[in-house]
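This is the structure I have questions about; it appears just below.
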Amino acid sequence: MSKPRKKQPLRTVDITCAACRAPLFKYRKGGKGALVKCFIERIAEDFTETPCHCPACGQQFARETMMRGTPAYKMIGGKVHSK
């Protein structure tokens, strides 16, 4: 598999916790599809203290993994909203 493109997308989306609506990330997302994974190098702003856990309610919203040879967070379905 190939790595993600070097040039990052210009569009940023706000990712929030589905349970308490606390902000989690500002992420540079490419494409129109659903948010399945977040490459760590594309996170513009990180509001979390511990990786993959909401700062307000403490709920786990993702798992750390390697995708295409790059560190990423794999989102758990229904735990996050993106806008």
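Could you pull out the residue among ALA56, ALA19, ALA62, ALA34 that is small (Gly, Ala, Ser) and in contact with a Phe, Trp or Tyr (Cβ under 7 Å, 6 or more places away or on another chain)? So that I can check it myself, show each step before the final result.
Values: ALA56 fails: in contact with a Phe, Trp or Tyr (Cβ under 7 Å, 6 or more places away or on another chain); ALA19 fails: in contact with a Phe, Trp or Tyr (Cβ under 7 Å, 6 or more places away or on another chain); ALA34 fails: in contact with a Phe, Trp or Tyr (Cβ under 7 Å, 6 or more places away or on another chain).
Sole residue among the options that is small (Gly, Ala, Ser) and in contact with a Phe, Trp or Tyr (Cβ under 7 Å, 6 or more places away or on another chain): ALA62.
Would you point out the residue of the stretch 1-15, among those that are closer than 19 Å to PRO71 by Cβ and either modelled with pLDDT of 95 or more or hydroxyl-bearing (Ser, Thr, Tyr) (or both), that is surrounded by the most Cβ atoms within 10 Å (Cβ to Cβ)?
Only one residue fits best here, namely ILE15.
Then there's this: Given the conditions (1) among the β-branched types (Val, Ile, Thr); (2) part of a loop (DSSP other than H, G, I, E, B); (3) touching a Leu at 6+ places or on another chain (Cβ under 9 Å), which single one is not true for VAL13?
Among (1) among the β-branched types (Val, Ile, Thr); (2) part of a loop (DSSP other than H, G, I, E, B); (3) touching a Leu at 6+ places or on another chain (Cβ under 9 Å), the lone unmet condition for VAL13 is (2).
Filtering the stretch 59-76 down to residues that are modelled with pLDDT under 95 and out of contact with any helix residue (DSSP H, G or I) (no Cβ under 9 Å at 6 or more places or on another chain), which residue is surrounded by the fewest Cβ atoms within 10 Å (Cβ to Cβ)?
Here the answer is GLY69.
Could you list all residues from the stretch 45-83 that are within 18 Å of PRO9 (Cβ to Cβ), free of Cβ contacts under 8 Å to residues at least 60 places away in the same chain and under 10 Å from the mean Cα position of the chain (by Cα)?
The answer is ASP46, ALA72, TYR73, MET75.
For the stretch 16-50, which positions are loosely packed, with under 13 Cβ neighbours inside 10 Å and assigned to a loop (DSSP other than H, G, I, E, B)?
Matches in the stretch 16-50: CYS20, ARG21, GLY31, LYS32, GLY33, ALA34, VAL36, GLU49, THR50.
The values are calculated or read from the model by the stated rules, or taken from the named source; none is laboratory data. Remember, predicted model here, so these are calculated numbers, not experimental data. Methodologically, a virtual Cβ is constructed for each residue, glycine included, from the backbone with ideal geometry; neighbour enumeration extends over all protein chains shown.
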